Amino acid sequence: MSRASQSRALVIDHDVNRADRFVNVLQFIDCEADVLYSLESMTQSPKLAEYQVVFVAQSTDALSTVQGLQSESDNLPAFVLLNDGEPSTAEMSVLAGTFLGVAKHDARYPVISNFLHKAQVFSKKKSAGEQQPKRAGNIELFRSLVGNSRGIRSVREMIEQVSPTEATVLILGESGTGKEVVARNIHYHSARRGKPFVPINCGAIPPDLLESELFGHEKGAFTGAITARQGRFELAEGGTIFLDEIGDMPLPMQVKLLRVLQERSFERVGSNKTIETNVRIVAATHRDLEKQIAKGTFREDLFYRLNVFPIEMPRLRDRKEDLPLLVQELITRLEHEKNTSVRLTNQALLSMCNYDWPGNVRELANMIERLAILFPYGVVDARDLPSNVFHSDEDIPANVSTVPTESDDLVGSVPSFAATADPRLPRNGIDLKQHLTEIEISLIHQALDETHGVVAHAAKRLGIRRTTLVEKMRKYSIQRSELEAAS
């Protein structure tokens, strides 16, 4: 189905010339449009269900017209068309639920494209209604594992390898890279999935309370211990305990944790009764533990006990080619979780690619949510980004493809109607051959990943012959089992 057949608008305006000019704008941005020049012709029009949006000229008694449309199809969003300088008399409170705003007859296509995007998201949300269940579980689960960069693919492969085992895992990486997401994935894909996943931030709890938090305490063990209490290890029995920021754990507690790792047992505070424990330990830190060992602030023996299977999380600034997919995932989750949406132009995305993201995926998620609040269902351009992200004179990173996505020049969950933005040449020039090679390699990897390494299927996804793909794989030293069998 073509894009035009997927987007269709109804224009109601008694002024023939004005209506025709507006329809031309719609057609220019690939939106098919029908015109009704009088309200009486409504009875002869196609079914309202065939349209995504209606534009009603205010002079045709917009209020009653939109109310009538709402009674026939409450999924049909509407905009009132005004002449330049004409005040709006439409009562938005009366039209709540279907009235999305006021447009000008002479509006330029980016503005109309924005309206059409709002209409699409509105219709999608209304159609889903209560039938669309909320996503269960932690909204952060799996989020930062989206992407096709080598770093994130390596993380996914290591998760797949270590999850079925009982090995202790140490996750390393900067704050905001998704260390807890990895820990939850390891638990989710392990045999302990049906048991608890219990996280604890070792750096957020005062040292004198950390032992009680981990191992529990008996009544009267210390001032304020009015009842006995289970610790996190008991709560996680049979499942996984996630020790976040293990590098901030004080030395006395490191000794006690080492004993738990060695003997698989502990005592509650104020008790001499030994409790056996069956939990899997996954730890994480943003600190360099080897440097801390050299300084004497972290035990070397504990480090080696924890460092059975290390996973290092890539920084967002090192995997900027994943930004479009991450943004898409974040927007999709906003639509499901918070009933809002936003979309980004290519220029906004390129500006984001030039930013270093010290807060990594967490910072990106917060920014996308902030943009959705500021521009609900709207289009965000580069100049709409926060001042620390937007720079007026930017260079395009060489490892980021500006090839349009399915939504052309706009990143979001709903196909856009706007024209595709041209890629920008960096101020200092670009190695075009190297840039195109990196794009080609990335797309080949994506096709092979999506088809589980089946070269014939990957070639079909790329629109090339299988033999051509085999040659390219040889050229770029991309190994897959099918290629080896064919050699």
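The values are calculated or read from the model by the stated rules, or taken from the named source; none is laboratory data. Keep in mind that this is a model prediction, so the values were computed, not measured. All Cβ positions, glycine included, derive from the backbone under ideal geometry; neighbour counts span all protein chains shown. Just the protein is used for accessible areas: all its heavy atoms, side chains included, with ligands, DNA and RNA removed. Shrake-Rupley method; radii C 1.70, N 1.55, O 1.52, S 1.80 Å.
Things worth noting here:
- Selection within the range 241-281: residues that are small (Gly, Ala, Ser) and at pLDDT below 90. The member of this set that is least open to solvent (accessible area, probe 1.4 Å) is 271.
- Residue within the range 221-238 that is in contact with a strand residue (DSSP E or B) (Cβ under 7 Å, 6 or more places away or on another chain), at pLDDT below 95 and closer than 20 Å to residue 289 by Cα present: no
- Number of the condition not met by residue 139 [criteria: (1) open to solvent by 30 Å² or more (accessible area, probe 1.4 Å); (2) modelled with pLDDT of 90 or more]: (2)
- Matching entry among 180, 234, 245 (being over 28 Å from residue 146 (Cβ atoms) and among the charged types (D, E, K, R)): 234
- Restricting attention to the range 439-483, the residues that are surrounded by 15 or more Cβ atoms within 10 Å (Cβ to Cβ) and among the aromatic types (Phe, Trp, Tyr) total 0.
- Within the range 264-287, being without any contact (Cβ under 8 Å) to a residue 24 or more places away in the chain and under 41 Å from the mean Cα position of the chain (by Cα) holds for 264, 265, 276.
- For the range 356-377, a residue qualifies if it is open to solvent by 30 Å² or more (accessible area, probe 1.4 Å) and either modelled with pLDDT of 90 or more or part of a helix (DSSP H, G or I) (or both), and the qualifying residues are 356, 358, 362, 363, 366, 369, 370, 373, 374.
- Check on residue 464, modelled with pLDDT of 85 or more, farther than 20 Å from residue 327 by Cα and of a type in the set (Val, Ile, Thr): yes
- For residue 200: the one exception among (1) open to solvent by 50 Å² or more (accessible area, probe 1.4 Å); (2) under 20 Å from residue 303 (Cα atoms): (1)
- Residues (assigned to a loop (DSSP other than H, G, I, E, B) and of a type in the set (Gly, Ala, Ser)) located in the range 146-168: 147, 149, 163, 167
- The set of residues in the range 216-238 being in contact with a Ser or Thr (Cβ under 9 Å, 6 or more places away or on another chain) and either of a type outside the set (D, E, K, R) or open to solvent by 60 Å² or more (accessible area, probe 1.4 Å) (or both) consists of 216, 217, 219, 221, 222, 225, 228, 229, 231, 233, 236, 237.
- Residues that are among the polar types (S, T, N, Q) and under 15 Å from residue 286 (Cβ atoms), drawn from the range 296-332: 297
- Any hit, the range 43-66, residues being at pLDDT 75 or above, small (Gly, Ala, Ser) and within 18 Å of residue 118 (Cβ to Cβ): no
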